[in-house]
Structure formats: C-alpha cells, structure tokens
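Structure record follows, encoded as structure tokens.
The values are calculated or read from the model by the stated rules, or taken from the named source; none is laboratory data. All of these numbers come straight from a predicted model, not from anything done at the bench. Cβ sites come from the backbone with ideal geometry, for glycine too, and all protein chains shown count toward neighbours.
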Amino acid sequence: MLKALQAECSAEAMAWLIQTCDALAGAGAPERLDHASAQCGRRLGRGAIAADQGPIATRCGPLSIAGRPVAELGRTCLIAAAAGAPDGSAQALVGHYRGADEAERAAVVRALAVIDAQGDSKPLALEAGRANSQVLLGAVMLGNPYPAAHYSEAEFDQMVLKALFVGMPLAGVVGLAARAGPGLSRMCEDYYDERIAAGREAPADIWLALAPHASERGESLLLDNLTHPNPRHRFFAIVAAGARAAQRPGLRDALRSRTASETDPSCLEATALALAH
C-alpha cells in the first residue's frame, strides 16, 4: 500500500504516514486513529491513485485501488496499523466507523479486506451496504473482495440486486461470476420483468448477473438483447453470452450471426473475444 502511495505523495507526506502508522501499531487506541484519519486529507492531499495502478493483495483477494482517493488508501494504512496493535479490536474499529465522516467510513469498509481474514467484521460491511450513500455503497460493492470472501449466498445476492437498483456497475463487483448462482439469476429475471412491466428499461449490465444460471426464459431474454437498439445493452448481452457459450452452443451460434450485422466497435470487439474462447 505504501509503495502505491509513494508515486502520489510528497516525501514529507510519506514520512508523516509512516511515522503515524508506526505509532498506531504500538498503541492503536481509537482516539489516536480518529485523530490521524481526520488529518489524512490535509497531510496526503486530495489526489487520486493512478488509473493504471494494479490492485493490492489482501487477505480476501485483490483490492482495486486504481482511481481511489489517495487519502482513502492512506487511511487504510492507518487502520491496518491500528488493527495490528496490541489493543486493536473489531469493536474499536466499529467505534471509529461510527464517529467517522463518509470518506473515512469508506476507508474502513475497504480496509476490511486487508485486516479481516475471518469475516469477523462482516456486520459492519453489511451495515455500510444498507446506506443511502453512493460513496459507501461503492466502497462495499466495487473493487472490494470482502463481500465475495465472506458474504453468505443470500447476502451476496442482495448486494448485487441493490447494485442494480442504485446503478453501480456490475463489472466492478469482485467475484460476481464465481458467486452468482441460480437464486441470483431468478431474482434478476424478476427484476427485469418488473422494469419492463413498468415501462422502463432494465439496467444494461443485468446480464452479467442473470446469465450464469439463466432459466430457459432468461436465456431467451438474453438472446433478444443481442439485437437491442442500444449498443450498451448489446455489449453486456454479448459479454454475458460469451461467458456461457462454451456450455450453450446456441449462444455461440447467435454470437456468430451477430458479426455480420453489428456495427458498434465495442460490440464487435466483445463478440470477437467471446468467440475466441
């Protein structure tokens, strides 16, 4: 984490962060963490991690940091140091979360992947996932391996469905392909029907969650969307169909037939990739 920050922070800022982490590791009392976290924005700046920066390894899997606020990653370092202190505890982390502002809470949620290999702090992640804040929801749902590592099937499915409700991009949900099951496909089919019945479009990327275990009708809907007038809808239908084409030859045939009439470059590229596997 510190290495990723070095490219974005001054030597003075890094010296402060390293010194503060060392102090918290010795005695991570909640009030000391509160004070240090509140200083991160001023000390480290308001910039963002480079968009091409790769994820960092955590106890739960790779945690995406590209484009995230520098201060957030700095806070993650502080939280990790405090969690490893002799007096660090899950309850102390909850206390810090309760008194924090939105940006600090987001850092806590994303730090869980770094500090909590056993899932002891799952209630805190679930609480953040019930928030109305796009910042907190994004911290839980996008680029964060913690839910895939520790959520039950029902908890993970509900998170994905809420991501659809609030417009979070499903491509950012870590572990979606591996965790998606028949229950999630059924929920997404029902949600698709509700949207269409209400005269509204379903989210373009719903197929990423619906297709893995689609029913016969769900697969028919997927095939229909391969010719959707909106290229964004076609793109995600193509990607989802491609992921399932090895098991469903009919989907591969449908993708082949699209190559002659497709004009959108992104859709053509997605089709070529799908047929190459």
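Tabulated data for the structure shown
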read-out	value
Of residues in region 102-115 being among the β-branched types (Val, Ile, Thr) and crowded, with 24+ Cβ neighbours inside 10 Å, the one nearest to Ala171 (Cα to Cα)	Val109
Residue within region 13-25 that is within 22 Å of Gly143 (Cα to Cα) and at pLDDT 90 or above present	no
Selected residue (criterion: nearest to the chain's Cα centre (by Cα)) from residues of region 230-277 that are at pLDDT 95 or above and not in a helix (DSSP H, G or I)	Asn230
Residues located in region 34-80, provided they are among the aliphatic types (A, V, I, L, M) and assigned to a loop (DSSP other than H, G, I, E, B)	Ile49, Ala50, Ala51, Ala57, Ile65, Ala66
Sole exception among (1) surrounded by fewer than 18 Cβ atoms within 10 Å (Cβ to Cβ); (2) at pLDDT 95 or above for Gly99, by number	(2)
Pairs, first free of Cβ contacts under 8 Å to residues at least 60 places away in the same chain in region 156-185, second polar (S, T, N, Q), C-beta under 8 Å, six or more apart	Val166/Gln134; Ser185/Ser215
Tally, over region 57-96, of residues that are surrounded by fewer than 17 Cβ atoms within 10 Å (Cβ to Cβ) and over 14 Å from Leu124 (Cβ atoms)	9
Given (1) buried (at least 22 other Cβ atoms within 10 Å of the Cβ); (2) within 30 Å of Ile56 (Cα to Cα), index of the condition Arg234 fails	(2)
Near pairs, Cβ below 9 angstrom, 6+ apart or cross-chain, from region 14-26 (more than 17 Å from Ala4 (Cβ to Cβ)) to any residue that is of a type in the set (Val, Ile, Thr)	Leu24/Ile79
Any hit, region 82-89, residues being small (Gly, Ala, Ser), at positive phi and not in a helix (DSSP H, G or I)	no
Enumeration of residues in region 116-133 that are crowded, with 22+ Cβ neighbours inside 10 Å and among the acidic types (Asp, Glu)	Asp116
Subset of region 161-199 that is under 20 Å from Arg110 (Cβ atoms) and of a type in the set (Val, Ile, Thr) - its residue that is surrounded by the most Cβ atoms within 10 Å (Cβ to Cβ)	Val173
Residue among Leu44, Leu17 that is surrounded by 15 or more Cβ atoms within 10 Å (Cβ to Cβ) and over 30 Å from Ala171 (Cβ atoms)	Leu17
Residue satisfying all of: in region 119-132; more than 15 Å from the chain's Cα centre (by Cα) and touching a residue at least 12 places away in the same chain (Cβ under 8 Å); farthest from Gln53 (Cα to Cα) among these	Asp120
Sole exception among (1) surrounded by 14 or more Cβ atoms within 10 Å (Cβ to Cβ); (2) of a type in the set (S, T, N, Q); (3) more than 26 Å from Leu273 (Cβ to Cβ) for Asn225, by number	(3)
Failed item, numbered, when Ala38 is tested on (1) crowded, with 20+ Cβ neighbours inside 10 Å; (2) closer than 21 Å to Glu102 by Cβ	(1)
